[in-house]
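Let me begin by presenting the structure, written as structure tokens, before commenting on it.
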Amino acid sequence: MEKFTVTVLVAIALLMFSCKGKSVGDDGVESQNEQEWTDSPENTDQTESTTEATVDISELKAYQYSWSENDKMPPLVIVIDDFGQSSGQLLEDFAALPREIAFAILPDLPHSQTSARLADKTSHEVLIHVPMQPVDNSANPGKRYIKSGMEQAEIADLLQEFYAQMPNAIAANNHMGSAATADYATMNYVLQELDELGLFFLDSATTGKSAVPAAALKLGQKTAKRDIFLDVPDNSDATLIGKIQSLGKYKGRNEPVVIITHCHTRDKLIALQKFIAQISDMGIELIPPSKMYKKLASPA
Ligand SMILES: [Zn+2]
């Protein structure tokens, strides 16, 4: 009975928080990831206390990938987005992942600071998952977010306040932001302030029109960009196999491959565990974002 009450409360809280609508327009397929927290409450697993000890990757293993030890594969960086709303066992289980995997934490949420402290305790690097304005006005990036055309001082204040909530952050990436990241002036201010704070920017690449490369070049800053969304369109083995297959095209590249996934459900955790088991089987190295940053080329 008590568990039922908790479940209902969590469900109501999630419904209240959930974003409406779906990003459309020039974002293409990746904009599906801008729909945050729209999973049904049954799937959020927040009250579940069971932990899967092992992950069955037999089906994935049956897949014959073409891979040779002579192929030079860049290391992978994995960032999990949208921490801040989850707590309890699901959060703990994400924290039990290999320490190279980074947590991107949304500010201003009930568990933003708890998540940052847990990441610190479990040696995961933290990124500020900065809410930014999407093209679709019906999507809600959060209580406070970076808008296109914001004044420099306002952007600086906001980023400083977000950073204060997770002072162990080493970088930042955008939550949504298909409008804000496409605006040169806005991103120029964002990158300048992040640099002041000693943080670098990872572009989640939610638009094909990102102004980040141009702004970073002008400022002489190194930035990284997301290559793969692991959980798009779903968390099935077929999708995972497709993603593993797609790694082949990065062979020989110097820059690490950046993979982003999300923390919303246990299904996403299990898919990520399978992916990690598979890539470690293939001898691909996993590195934290700070190590990636050292490997990035400086802009010309
Ligand atoms: Zn996000």
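Consider region 205-262 and keep the residues that are more than 18 Å from Val77 (Cβ to Cβ) and among the β-branched types (Val, Ile, Thr). The one that is surrounded by the most Cβ atoms within 10 Å (Cβ to Cβ) is Thr207. Which residues, taken from region 216-272, are in a loop (DSSP other than H, G, I, E, B) and among the acidic types (Asp, Glu)? Matches in region 216-272: Asp227, Asp231, Asp234, Glu255.
Per-residue answers, yes or no, for (1) more than 16 Å from the ligand (Cβ to nearest atom); (2) acidic (Asp, Glu):
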site	(1), (2)
Phe200	yes, no
Asp203	no, yes
Thr206	no, no
Lys209	yes, no
Ala214	yes, no
Asp227	yes, yes
Asp234	yes, yes
Asp237	yes, yes
Ile241	yes, no
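Pick from region 56-87 the residues that are within 16 Å of the ligand (Cβ to nearest atom) and farther than 18 Å from Glu285 by Cα: which of them is modelled with the lowest pLDDT? Selected residue: Ser86. Can we say Gly283 is surrounded by fewer than 15 Cβ atoms within 10 Å (Cβ to Cβ), touching a residue at least 60 places away in the same chain (Cβ under 8 Å) and farther than 20 Å from Lys72 by Cα? When the stated conditions are applied, Gly283 does not pass them. Within region 159-176, the residues that satisfy the criterion of being more than 16 Å from the ligand (Cβ to nearest atom) and not polar (S, T, N, Q) are Leu159, Glu161, Tyr163, Ala164, Pro167, Ile170. Checked against the criterion of being among the β-branched types (Val, Ile, Thr), touching a residue at least 24 places away in the same chain (Cβ under 8 Å) and closer than 19 Å to Asp81 by Cα, the candidates Ile244, Ile228 yield just one match: Ile228.
The values are calculated or read from the model by the stated rules, or taken from the named source; none is laboratory data. On a predicted model such as this, the values are computed, not experimentally measured, just so you know. Here Cβ is always computed from backbone atoms with ideal geometry, including for glycine, and neighbour counts include all displayed protein chains.
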